[in-house]
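The values are calculated or read from the model by the stated rules, or taken from the named source; none is laboratory data. Remember, predicted model here, so these are calculated numbers, not experimental data. Every residue, glycine among them, receives a Cβ derived from its backbone with ideal geometry; neighbour counts consider all protein chains shown.
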Amino acid sequence: MMENMLFGRYVPAESLLHRMDPRSKLLIIFFFVCIIFIANNGITYAFIAIYTFIMLTMSRIPARFLYKGLKPVIWLVIFTFLLQLFFTQQGTLLYRLGPVKIYEEGLKQGLFISLRFLFLILMTSLLTLTTTPIEITDGLESLLNPLKKVRFPVHEMALMMSIALRFIPTLMEETDKIMKAQMARGVEFSSGPLKERIKAVVPLLIPLFVSAFKRAEELAVAMEARGYRGGEGRTKYRQLSWKTADSLQLLVLIALTVLLMLFRS
Amino acid sequence: MDISLSHVEYRYQAKTPFERIAIQDVSIDIPSGTYMALIGHTGSGKSTVLQHLNALLQPTKGIVKIGDREIKSRQKNKSLKPVRQKVGIVFQFPEHQLFEETVEKDIIFGPMNFGVSEEEARKRARLALKHVGLGEEILTKSPFDLSGGQMRRVAIAGVLAMEPEVIVLDEPTAGLDPRGRKEIMDMFYSLHKERGLSTILVTHSMEDAARYADQIVIMQQGMVIKKGTPEEIFSDPIDLMKMGLDVPEVVRFQLMLEEKIGTHLGQIYLSIEELSMAVASLVSGGVRS
């Protein structure tokens with residue numbers, strides 16, 4: 001059951017996006033999230049759509065896989081669309097059935113907002129699909145480095161994040177194992193009355209916590225035994241390298257921003 | 001209760017980019033009352049086979065028959081509880097599944113899930129504790145205050161108290177000291193002998209397989225590559241070694257001895273006792289001639 005959680009998971013492939021510097025990818029996503037709000041009419045949304053489409057194609061992630069990843073969120077997109085559709089009461093009345101009234105503006109807003117939502121999800125998941133978690137943390141650490149001046153614990157935060165990310169699969173595996181062990185002892189996790197199912201969580205969570213704490217302690221000891229003492233003067237095994245492709249990608253995004261500004265209404 | 005797997009295949013994360021075949025075309029028969037050892041390296045698929053034995057996994061191809069229940073791919077499986085009650089699994093490091101406040105509560109957890117009355121479950125708990133070699137004074141303790149070895153035994157007791165007809169053991173002695181190892185293995189063996197409990201032992205110890213099992217199945221890369229009685233399996237030790245598999249120390253010793261003295265003993269002996277008898281008679285025979 002844990003196996004189906006694919007959304008946002010790194011998929012190894014050979015593509016330009018995979019090879020890019022995580023810093024540039026993080027910056028691109030950050031700016032993309034900002035500039036998507038500039039779009040407010042058909043043409044600008046078309047630009048965004050084309051851009052997203054090109055990026056998706058460049059990533060060489062199989063479409064079938066993207067679709068599978070989107071499935072759980074698609075309901076949220078549809079829900080936002082319907083919400084906008086029924087509750088915006090501006091513009092000309094298009095359709096009316098009893099108390100249900102659909103206005104032109106509602107249709108427009110619903111379409112735009114759900115599209116915006118969809119593009120945001122696609123682009124942000126593109127980041128995690130093409131970048132390993134460790135690259136993302138490295139990129140974040142490097143981008144946030146200036147904050148060290150104001151005594152923000154950048155290294156510690158990055159370390160916490162990479163440890164957390166590193167242990168997600170381990171914890172999932174552990175969850176799966178304990179679930180199976182308890183299922184073999186007659187616990188039913190996926191059927192039976194709700195009350196029973198809630199109660200079934202206890203034999204899962206307690207062993208999980210116990211082992212997580214144990215593991216944390218072991219990790220701390222192992223790190224200390226290998227001489228870890230914080231980020232001061234620590235060198236990196238993986239060096240980030242900013243290439244021409246990264247600069248080009250950022251330029252493309254700036255061009256897109258200019259286009260959006262010009263064509264927005 | 002008979003269990004049989006016919007042409008079972010299992011893929012993890014089927015139809016995703018992460019798809020991976022764990023086992024394929026696995027056919028194994030486990031008639032009631034058998035002691036079977038399932039051997040293979042890490043990643044050979046033996047743990048995946050094990051999880052099919054009480055329908056924790058559903059095959060992606062093939063049929064698993066557990067008693068009169070058939071588990072096939074692409075079908076909804078309702079009420080698997082009866083199956084799970086009859087096939088008890090002791091997972092690797094079973095102490096990780098302990099969660100209750102007291103040892104007693106943890107042991108009776110399994111049986112009570114299967115509808116056994118509390119009174120009966122408590123009785124079973126005491127019996128199970130005796131089997132695993134622990135005293136009743138432990139019943140009121142917290143399982144988390146016990147030593148590793150004791151936790152292991154409590155967890156095993158928790159499965160025994162379900163009174164399964166088939167018991168599946170996944171490396172039940174991993175991480176135990178040699179004495180504890182022998183005690184636990186002997187305990188399972190005597191349960192098998194006394195109660196006719198079908199036992200399936202997943203292990204990579206050829207020693208244990210040779211000593212206890214009456215059927216051995218060897219797996220490699222998700223496939224069954226050899227099956228038979230210990231005598232059949234070890235009759236060709238050179239072949240086993242070619243496949244990168246271990247042979248029991250006794251067999252290795254016999255081979256080296258045969259090479260040294262230049263004669264063959266005629267058959268492969270699987271226990272130190274038998275081999276020493278054979279060697280003794282060879283030596284005395286040699287003296288006589």
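For residues that are free of Cβ contacts under 8 Å to residues at least 24 places away in the same chain and among the small types (G, A, S), scanning just segment A:28-55, find the one that is farthest from A:L259 (Cα to Cα). This residue is A:G42. Scanning segment B:166-188 for residues that are free of Cβ contacts under 8 Å to residues at least 60 places away in the same chain, in a loop (DSSP other than H, G, I, E, B) and within 14 Å of B:A155 (Cβ to Cβ) yields B:T173, B:L176. With respect to the conditions (1) surrounded by 11 or more Cβ atoms within 10 Å (Cβ to Cβ); (2) in a loop (DSSP other than H, G, I, E, B), A:S190 lacks only one, and its number is (1). Here B:F18 meets the list (1) more than 14 Å from chain A (Cβ to nearest Cβ); (2) in a loop (DSSP other than H, G, I, E, B); (3) free of Cβ contacts under 8 Å to residues at least 40 places away in the same chain almost entirely, failing just condition (1).
Say whether the condition of being over 24 Å from B:A174 (Cα atoms), more than 19 Å from the chain's Cα centre (by Cα) and aliphatic (A, V, I, L, M) is met by at least one residue in segment B:221-239. Yes.
The set of residues in segment B:133-155 being assigned to a loop (DSSP other than H, G, I, E, B) and over 23 Å from the mean Cα position of the chain (by Cα) consists of B:G135, B:K141, B:S142, B:L146, B:S147.
Just need a number here: residues in segment B:48-81 that are among the small types (G, A, S), in contact with a strand residue (DSSP E or B) (Cβ under 9 Å, 6 or more places away or on another chain) and at the interface with chain A (Cβ under 10 Å from one of its Cβ atoms). Residues in segment B:48-81 being among the small types (G, A, S), in contact with a strand residue (DSSP E or B) (Cβ under 9 Å, 6 or more places away or on another chain) and at the interface with chain A (Cβ under 10 Å from one of its Cβ atoms): 1 in total.
Might you check whether a residue that is in contact with a strand residue (DSSP E or B) (Cβ under 8 Å, 6 or more places away or on another chain), at pLDDT below 85 and of a type in the set (A, V, I, L, M) occurs anywhere in segment B:213-227? No, every residue in segment B:213-227 fails to be in contact with a strand residue (DSSP E or B) (Cβ under 8 Å, 6 or more places away or on another chain), at pLDDT below 85 and of a type in the set (A, V, I, L, M). Here A:R185 clears all of (1) charged (D, E, K, R); (2) under 30 Å from B:V90 (Cβ atoms); (3) surrounded by fewer than 19 Cβ atoms within 10 Å (Cβ to Cβ); (4) modelled with pLDDT of 85 or more except the condition numbered (3).
Counting residues in segment A:136-146 that are farther than 30 Å from A:G91 by Cα and either among the acidic types (D, E) or not in a helix (DSSP H, G or I) (or both) gives one or more. Tell me, which residue of segment B:166-180 that is of a type in the set (D, E, K, R) and surrounded by fewer than 17 Cβ atoms within 10 Å (Cβ to Cβ) is farthest from B:H131 (Cα to Cα)? Among those that are of a type in the set (D, E, K, R) and surrounded by fewer than 17 Cβ atoms within 10 Å (Cβ to Cβ), it is B:D177.
Within segment B:108-121, the set of residues being surrounded by 20 or more Cβ atoms within 10 Å (Cβ to Cβ), out of contact with any helix residue (DSSP H, G or I) (no Cβ under 6 Å at 6 or more places or on another chain) and either more than 7 Å from every other protein chain (Cβ to nearest Cβ) or at pLDDT below 90 (or both) comprises B:V116 only.
This table checks each residue for (1) closer than 30 Å to A:N41 by Cβ; (2) among the polar types (S, T, N, Q); (3) away from every other protein chain (no Cβ under 13 Å); (4) in contact with a Phe, Trp or Tyr (Cβ under 9 Å, 6 or more places away or on another chain).
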position: A:E105; (1), (2), (3), (4): yes, no, yes, no
position: A:L118; (1), (2), (3), (4): yes, no, yes, no
position: A:T131; (1), (2), (3), (4): no, yes, yes, yes
position: A:K148; (1), (2), (3), (4): no, no, yes, no
position: A:R151; (1), (2), (3), (4): no, no, yes, no
position: A:A184; (1), (2), (3), (4): no, no, no, yes
position: A:V187; (1), (2), (3), (4): no, no, no, yes
position: A:S191; (1), (2), (3), (4): no, yes, no, no
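Residues in segment A:16-66 that are among the aromatic types (F, W, Y) and more than 14 Å from every other protein chain (Cβ to nearest Cβ) were compared, and the one that is nearest to the chain's Cα centre (by Cα) is A:F30. Sub-7 Å Cβ pairs linking a first residue in segment B:82-107 that is more than 7 Å from chain A (Cβ to nearest Cβ) and surrounded by fewer than 20 Cβ atoms within 10 Å (Cβ to Cβ) to a second residue that is in a helix (DSSP H, G or I) and of a type in the set (S, T, N, Q), at least 6 apart or interchain, are B:T102/B:T140, ordered by first then second residue. Does A:R238 fit the bill of being outside any helix (DSSP H, G or I), exposed (fewer than 13 other Cβ atoms within 10 Å of the Cβ) and in contact (Cβ under 8 Å) with a residue 12 or more places away in the chain? Yes. Quick check on segment A:208-216. Is at least one of its residues facing chain B (nearest Cβ under 10 Å), assigned to a helix (DSSP H, G or I) and touching a residue at least 12 places away in the same chain (Cβ under 8 Å)? Among the residues of segment A:208-216, at least one is facing chain B (nearest Cβ under 10 Å), assigned to a helix (DSSP H, G or I) and touching a residue at least 12 places away in the same chain (Cβ under 8 Å), which makes the answer yes.
Scan segment B:131-165 for residues that are more than 13 Å from chain A (Cβ to nearest Cβ) and exposed (fewer than 13 other Cβ atoms within 10 Å of the Cβ) and the total you get is 5. Being more than 25 Å from B:E9 (Cα to Cα) and either more than 14 Å from every other protein chain (Cβ to nearest Cβ) or more than 18 Å from the chain's Cα centre (by Cα) (or both) is a property that holds for B:G180.
Looking at (1) touching a residue at least 12 places away in the same chain (Cβ under 8 Å); (2) surrounded by 14 or more Cβ atoms within 10 Å (Cβ to Cβ); (3) within 27 Å of the chain's Cα centre (by Cα); (4) within 14 Å of another protein chain (Cβ to nearest Cβ), which is the one condition that is false for A:T170? With respect to (1) touching a residue at least 12 places away in the same chain (Cβ under 8 Å); (2) surrounded by 14 or more Cβ atoms within 10 Å (Cβ to Cβ); (3) within 27 Å of the chain's Cα centre (by Cα); (4) within 14 Å of another protein chain (Cβ to nearest Cβ), A:T170 is out only on (2).
Restricting attention to segment B:233-243, the residues that are in contact with a strand residue (DSSP E or B) (Cβ under 8 Å, 6 or more places away or on another chain) and surrounded by fewer than 14 Cβ atoms within 10 Å (Cβ to Cβ) add up to 1.
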